[in-house]
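The values are calculated or read from the model by the stated rules, or taken from the named source; none is laboratory data. Source: prediction; values computed, not measured. Positions of Cβ are generated from backbone atoms using ideal geometry, with glycine treated the same way; all protein chains shown enter the neighbour counts.
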């Protein structure tokens, strides 16, 4: 199939997806679907940079554009590209192209590393040993095969009776498609015993126990790595140190607690592992732009939480 034909088929896929998503979701926000791993995101305007946590997932923009910043690295993606992240990552996310007439439309497909391991077991030619870990967030150029599979998956939402049987097959195909384009960013975590899989374990522990004091030496011993190796490999995967990562996870958790429970900032400060309320307030302000109380007022304002979604992706 020549390039011109493929280009035309991709344009048709994108048009069909835009029409389909506009039928399925009428309001801004993150919309869960009858397919548990699939969410649809809509926004009718641009946004400020928002600190959020990306989970292991594939993000395909159908309309609009997004800028994502991981530490000091920025990534732009739009309908010509897709984003994959293979571990939980604290990032800044900003919609840079959207309006009421042509809202930002994005499809999010979450996945688990066990699904990747299962596919890799049958496709070992895509699995390459490497000493160094790679960044776990990548942008790739969208191709027709992937877009066609995404369209077929989203179409199932209009035929509920087919979802249970067919959606797992299409999801497996989609993951296979992204692994074919992968250069180690995803498959590295499927290799038991390598550096990336060890870092993945450390990331899991930090997310589960972020409020507890963390000693890098203890973490390193648990995964049979030296302290310096853990630090270096962690930074290659996440673009930040383990302590920087823990701090961002703590502050994100604090913000969710403040909003959901309307707790006092000092109480939440200790819940997420800080020992000093003044340090907590300083670091919270540095990340979110306002002290905790002022930030909560902004989130609960009349334009409030619907337009300023703390989990917006």
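Data table
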| item | result |
| --- | --- |
| Scope the stretch 275-302; condition part of a loop (DSSP other than H, G, I, E, B), at pLDDT below 90 and surrounded by 12 or more Cβ atoms within 10 Å (Cβ to Cβ); matching residues | 289, 300 |
| Test: residue in the stretch 116-123 that is exposed (fewer than 13 other Cβ atoms within 10 Å of the Cβ) and at pLDDT below 85 | yes |
| Given (1) under 15 Å from residue 179 (Cα atoms); (2) at pLDDT below 90, index of the condition residue 110 fails | (2) |
| Qualifying residue in the stretch 16-39 (condition: closer than 24 Å to residue 168 by Cα, surrounded by fewer than 18 Cβ atoms within 10 Å (Cβ to Cβ), assigned by TED's automatic domain parsing to the domain that holds residue 155 and modelled with pLDDT under 95) | yes |
| Among (1) surrounded by 12 or more Cβ atoms within 10 Å (Cβ to Cβ); (2) outside any helix (DSSP H, G or I); (3) at pLDDT below 75 - the single one residue 305 does not satisfy | (2) |
| Residue 272 at pLDDT 95 or above, touching a helix residue (DSSP H, G or I) at 6+ places or on another chain (Cβ under 9 Å), crowded, with 17+ Cβ neighbours inside 10 Å and not assigned by TED's automatic domain parsing to the domain that holds residue 92 | yes |
